[in-house]
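Throughout, read-outs are computed from the coordinates displayed, never taken from laboratory work. On a predicted model such as this, the values are computed, not experimentally measured, just so you know. FYI the Cβ positions are ideal-geometry reconstructions off the backbone, even for glycines, and counts take in every protein chain you see.
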Amino acid sequence: MEQIEALVVGAGPAGLMAAARLASADRRVVVVDAKPSVGRKFLMAGKSGLNLTKDEPIDEFLNAYGEAREWLEPMLRAFGPVQVREWAEGLGQEVFTGSSGRVFPKVMKTSPLLRNWMRALSDEGVEVRTRWRWTGWDGDTLQFETPDGVQSITPKTTILALGGASWARLGSDGKWAEFLDAPLAPFKPANMGFRCEWSDFMKPHFGSPVKPVRLTVGKHSVKGEFVITARGIEGGAVYAISSPLRDGGKLTVDLLPDMELKDVIAKLNRPRGKNSLSNHLRKTLGLKGVKAALLREAGPLPEKNTDLAKQIKSLALELTGPTPMDEAISTAGGVTQAALTDTLMLKSRDGVFCAGEMLNWEAPTGGYLLTACLATGLHAGNSAAEYLKAQ
C-alpha cells in the first residue's frame, strides 16, 4: 500500500488545476486517470475551436450558472474570465475574443495548451499515472485497477475530479457515483440535442442551419441558430435553453427575430397578386428554404395573415425528449452542495475534496463550462493545500 501526500483522481481541467495548485505549495502530487492519456474530453472540446471563457462583466457571466450561481460565485470571482485569459497566456497561448465575446487561443486547438500545461506540471514534480481506474475505498485507502493489477493508495489528502456522465469513451462515465458515500443529485443531460419526429418533407433539410432565430422556453429566451438533424435539433441556441426544455418546458421558435409582429403582418398584407403563398412569404419576408419548411412542418398554415404572422413569430416545435445522455456535451447532477463544506471537502470524508463537472451545477456552452471546471479545481487545490498545512 502506497502512501503519498496528495492524490488527484481525474486528469481533466479541474484535476490538473488542482494538481498545479498543490504542486505550487511544494506538495508531492500524484495524478491518476482511467484513460491511456490525459485530458481526453478537454481535447475533444477544442476540436472545433477551444472556447476558453466568455469576455463579459463578471456579474453577467455569473448569471449563466442559474441556481448554482450563489454556490460558485466566490470561486468564479477568484478565477473568472480575466484569470482564465491570464492563465492561458501564462502557458504560452495567445488568446483573442471573437465577435460573440467568446475567448479562444489564437491556434484554436487544445493540444498546444495541454502540452505546455503538462510540461509545467512535470517541471513542478507532478507524477501522472494513466490507465488507473478508481474502484472505491477500503477504509481510507483508494483502490485502483491498473495494468499491473489492483493497486492501493492512502493519501493524506485526495481531490476527486471525475467528470460527469457524458462521453464515456472519453472518460466521463459517472460510474464513480456508486463508490461515493455522499448525497448525489441524479445525472441529467445538459447542452444536448432534442429529438423530433420529422415528416419526409424535412429530409432535404437535414444538416441545414436555421438562422437567425429566437428560441423561447417559458421565461428563457435566446437568439442564435440551430441545426436540423435526422433525429431532431441541436446547436448553440438549443444548448442555451436545454435545461428548461429538458425539465418539461415547451419550445417556440421565432423565425424572424429581427422583425416586430406588426411589421410581419404589414408585409403579409401586401397584395399577393398571382403569387403562391410560398412565393409571397419568400418575396415579402425572405422566408425560404429550411425556415419555410419548418413553417410548413407545423401543419396547415392559418388563412388569416394576423394568425400566420403570430405562427411565424411563435412557431411551436413538438419535441419527444433529449438525445441520449452519453451524447450530451455536459451533465447536471452529481455531488450536491449539501454534501460539501465551503472548501469543497466531503462532509462524509475528511481530507477528500471534489471539483469540476462531478459537482451538481450546469451552465451553457460558451466558455462557462471550462471556466467553472478550472475555478472549482483551483478552489479544491487551495483547500487541500490548506488542509495539509493544518495537519
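Across segment 1-58, the volume of the C-alpha convex hull divided among the residues equals 107 Å³ per residue. Among the GluC sites (Glu not before Pro) within segment 94-175, those in coil by DSSP and having at most 11 neighbouring Cβ atoms inside 10 Å are 94. Please state, rounded to one decimal and in Å, the Kirkwood hydrodynamic radius that segment 311-391 gives when every pair of distinct Cα atoms enters the mean of 1/r. After inverting the mean inverse Cα-Cα distance, the result is 15.1 Å.
Taking the number of Cβ atoms within 10 Å of each Cβ as an exposure proxy, the fewest-first ranking of 99, 208 is 99, 208.
The convex hull drawn around the Cα atoms of the chain, when projected onto a plane and averaged over every direction, covers 20.8 nm². In terms of packing, defined here as the mean over residues of other Cβ atoms within 10 angstrom, the peptides 367-378, 72-83, 317-328 line up highest first as 367-378, 72-83, 317-328. Compute the FRET efficiency between residue 320 and residue 185 as 1/(1 + (r/R0)^6), taking r as their Cβ-Cβ distance and R0 = 30 Å, and round to the nearest 0.05. The value I calculate is 0.75. Relative to the Cα centre, the charge distribution of segment 1-46, modelled as +1 at Lys and Arg Cβ and -1 at Asp and Glu Cβ, gives a dipole magnitude of about 200 debye.
If R₀ is 30 angstrom, what is the calculated FRET efficiency for the pair residue 288 and residue 221, using the beta carbon separation as r and rounding to 0.05? Computed FRET efficiency for residue 288 and residue 221 comes out at 0.75.
Of the residues 140, 254, the one with the fewest other Cβ atoms within 10 Å heads the list, and the complete ranking is 140, 254. Its Cα gyration tensor gives segment 194-322 an equivalent ellipsoid; the semi-axes, largest first and in whole Å, are 25, 16, 12.
Taking a span of 24 Å or more along the helix axis (Cα atoms) and a mean Kyte-Doolittle hydropathy of at least 0.5 as the rule, the DSSP H helices of the chain that qualify are 368-390. Legend: distances between Cα atoms for 223/262; 267/291; 262/288; every pair falls at or below 24 Å.
The distance linking segment 338-367 with segment 15-85 is 13 Å (Cα centroid to Cα centroid, whole angstrom). Only DSSP H runs of four or more residues enter the estimate; each adds -39500 (n - 2.57), and after division by the residues of the chain the mean residue ellipticity at 222 nm equals -9000 deg cm²/dmol. Cβ crowding within 10 Å, taken as a proxy for footprinting-reagent exposure, orders 345, 202 from fewest neighbours to most as 202, 345.
For segment 212-262 versus segment 86-114, the inter-centroid distance based on Cα atoms is 29 Å.
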